[in-house]
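Below is one structure, written out as structure tokens; comments come after it.
The values are calculated or read from the model by the stated rules, or taken from the named source; none is laboratory data. What you see is a predicted model, and the numbers here were worked out from it, not measured in a lab. Virtual Cβ from ideal backbone geometry, glycine too; neighbours counted across all protein chains shown.
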2 protein chains.
Amino acid sequence: MSYELTILGSSSAIPTVEKNPTAQLLNANERFFLIDCAEGTQIQLRKYKFKFQKISRIFISHLHGDHYFGLIGLISSMHLLGREKELHIYAHTKLKEIIDIQLSASSTDLCYPLFFHPITPNVDQLLFEDKKIKISTFPLSHGIDCNGFLFEEKRPPRKILSDKIKKYNIPIDQLKDIKWGEDFLTEDGSLILNDKLTIANKLPFSYAFCSDTKYSESIINKVKGVSLLYHETTFMHERKDRAEETNHSTTIDAATIAKLAEVNYLLIGHFSQRYRDDSILLEETKSVFKNTIIAKQGITVDFSKL
Amino acid sequence: MSYELTILGSSSAIPTVEKNPTAQLLNANERFFLIDCAEGTQIQLRKYKFKFQKISRIFISHLHGDHYFGLIGLISSMHLLGREKELHIYAHTKLKEIIDIQLSASSTDLCYPLFFHPITPNVDQLLFEDKKIKISTFPLSHGIDCNGFLFEEKRPPRKILSDKIKKYNIPIDQLKDIKWGEDFLTEDGSLILNDKLTIANKLPFSYAFCSDTKYSESIINKVKGVSLLYHETTFMHERKDRAEETNHSTTIDAATIAKLAEVNYLLIGHFSQRYRDDSILLEETKSVFKNTIIAKQGITVDFSKL
């Protein structure tokens, strides 16, 4: 099972030859979720050898161009390459109009089903849930409607020892309950306690994505204890005033949220293009929250190693 | 005076790591015109070291994504970088809605004046004219509204010999007429014939851009005798049926138009991604029209050398 996050782009505002704006690909055990989709994202996906037809769900945090201008191109390329599989998009309502008007301008009837799931601004919302994952959204504070996303793996707390299944002749339909902590009653009436049958499983992974936002303590509870928190870090703290004016965060803002939310690791990016040297942003963030990683374009974070 | 065309992208349909879809930059004596604007064009402009704020007019042939998906990103970046200068866009009406809805979604009030000039489908139309250049458009045949563009330099047919200005004391206000072939009457009443004062000037440059189109003889008269004709060449001629189905042209189609229109040079591109080797397309085109050049991404065509 692999849970990995690949940074397709992490710069702010304007794409350059070396740096693409925000887009991330989350591989949740071979289910692929795209988070934000700046111009050039489809090229980044190709560059890093991802088959973009595998993406099943796309989450767009807000409608500033550096977070979504690549979406219509990706949707179109999926069509031109003959996609048949459903695609689900989660975003603010206006994006549906933006997609529809562009498909209509080119007289394109997509050859695959595209489902648009509107995000309601300013409230928490469950976006998707099945046996293995829960994906929800929560509001950020960025001047226009803007949302963060939380991906939470559902992993049973216990792992069954395979020799015990044989030994006690445990029926398949009871395995799930045992993984979730139930004891087992054998055919001859003996109660086998759960800790004789199982060992502790790894903790489930959780990933919170806090796209553009100013410092907001309301985020803390939403991202409490996650394995990895991405929090934008547009400015060094000496430019706190500029951060507030532009509804962005500083190094210290991001680190403070990470610290108060007791997350495991913090991932920072969306640095202002004024900074040539990322390491000064990393250093300042680490002064408050040590487990900080830079969201460098092209890196893959393996959740099993956090 | 430099007249140059740079190919920012020339592939068809889908951007890849190596190949960008259609975008061309025409430098008409330091006035910069962008023709089509696929996703990633702003990055291509940076890659080839063009200051994109210098672009004054943008021409979009039609609303298939591989010809305009990069426009909104370029418009936004021009804004974020504080452009003050006017920008003029010439395109089919729907593009204005597409731009407006995206600017509105991000609550962006552009900091520079953006003028949108609608192209009327299915008719010839003068788009811009001043003392130095005339830019017009003509319909192509591509299933949706699609237009070609014609850029014609206005260059006087004669060049004045500077020593004659002094010798005959020619007033400045008469220089223009003499360049256009008038004789000169001196103060003492002598008539100096034009060919004593001037030499032949270089021919004015002209560039015709025929974006996506099926073979259409109506194009011939529109591009008659141009210095350079770009004509799409999506398929080898063995796939003529496929070209017709998809409203595209073959090598032989493009070459035939070039030949019948008696153009000076033909530039071919928009090759289907099925072809790994461009040279077979070039060879087949040359079998009908010898002066053919491939629109390779990154090349610059200097009109003075055609």
Matching entry among A:ASP253, A:ASP212, A:ASP277, A:ASP241 (being buried (at least 23 other Cβ atoms within 10 Å of the Cβ), of a type in the set (D, E, K, R) and within 24 Å of B:LEU81 (Cα to Cα))
A:ASP212
From the residues in region B:1-42 that are buried (at least 22 other Cβ atoms within 10 Å of the Cβ) and among the aromatic types (Phe, Trp, Tyr), which one is nearest to the other protein chains (Cβ to nearest Cβ)?
B:PHE33
Against the conditions (1) part of a loop (DSSP other than H, G, I, E, B); (2) closer than 23 Å to A:LYS94 by Cα, where does B:ILE98 fall short? Just the number, please.
(1)
Flag for A:LEU161 being under 33 Å from the mean Cα position of the chain (by Cα) and surrounded by 12 or more Cβ atoms within 10 Å (Cβ to Cβ):
yes
Residue satisfying all of: in region A:72-84; aliphatic (A, V, I, L, M) and under 15 Å from A:ASP36 (Cα atoms); nearest to the other protein chains (Cβ to nearest Cβ) among these
A:ILE72
Which condition does B:VAL301 not pass, out of (1) assigned to a helix (DSSP H, G or I); (2) touching a strand residue (DSSP E or B) at 6+ places or on another chain (Cβ under 8 Å), if it passes all the others?
(1)
Could you tell me whether A:LEU150 is crowded, with 16+ Cβ neighbours inside 10 Å, within 23 Å of A:ASN27 (Cβ to Cβ), more than 14 Å from every other protein chain (Cβ to nearest Cβ) and out of contact with any Leu (no Cβ under 8 Å at 6 or more places or on another chain)?
yes
Only listed residue being outside the structural domain of A:SER12 (by TED's automatic domain parsing) and either at pLDDT 95 or above or not in a strand (DSSP E or B) (or both), chosen from A:GLY225, A:GLY189:
A:GLY189
Filter region A:169-186 down to residues that are hydrophobic (A, V, I, L, M, F, W, C) and not in a loop (DSSP other than H, G, I, E, B) and give me whichever is farthest from the chain's Cα centre (by Cα).
A:LEU185
Quick one: how many residues across region A:228-247 are under 22 Å from A:ASP277 (Cβ atoms), in a loop (DSSP other than H, G, I, E, B) and touching a strand residue (DSSP E or B) at 6+ places or on another chain (Cβ under 6 Å)?
1
Take the residues in region A:88-118 that are touching a Phe, Trp or Tyr at 6+ places or on another chain (Cβ under 6 Å) and in contact (Cβ under 8 Å) with a residue 24 or more places away in the chain; name whichever of them is farthest from A:CYS37 (Cα to Cα).
A:HIS117
If you check every pair at least six apart or on different chains, which have Cβ atoms under 7 Å apart with a residue in region A:196-221 that is over 19 Å from A:ASP302 (Cα atoms) and outside any helix (DSSP H, G or I) first and a residue that is basic (Lys, Arg) and modelled with pLDDT of 95 or more second?
none
Could you tell me whether any residue of region A:157-169 is at positive phi and assigned by TED's automatic domain parsing to the domain that holds A:ALA23?
no
In region A:288-306, how many are modelled with pLDDT of 95 or more, of a type in the set (Ser, Thr, Tyr) and loosely packed, with under 13 Cβ neighbours inside 10 Å?
1
Can you pull out the residues in region A:90-111 that are out of contact with any Gly (no Cβ under 8 Å at 6 or more places or on another chain), more than 10 Å from chain B (Cβ to nearest Cβ), over 17 Å from A:ILE60 (Cα atoms) and hydrophobic (A, V, I, L, M, F, W, C)?
A:LEU110
Taking the options A:LEU114, A:LEU87, A:LEU45, A:LEU126, name whichever one is crowded, with 21+ Cβ neighbours inside 10 Å and more than 12 Å from chain B (Cβ to nearest Cβ).
A:LEU87
Sort out which residues of region B:52-70 are of a type in the set (A, V, I, L, M, F, W, C), under 17 Å from B:ASN20 (Cβ atoms) and at the interface with another protein chain (Cβ under 10 Å from one of its Cβ atoms), and write them in order of number.
B:PHE69
Would you mind finding the one in B:LYS94, B:LYS54 that is farther than 27 Å from B:ASN247 by Cβ and either over 16 Å from the mean Cα position of the chain (by Cα) or surrounded by fewer than 21 Cβ atoms within 10 Å (Cβ to Cβ) (or both)?
B:LYS54
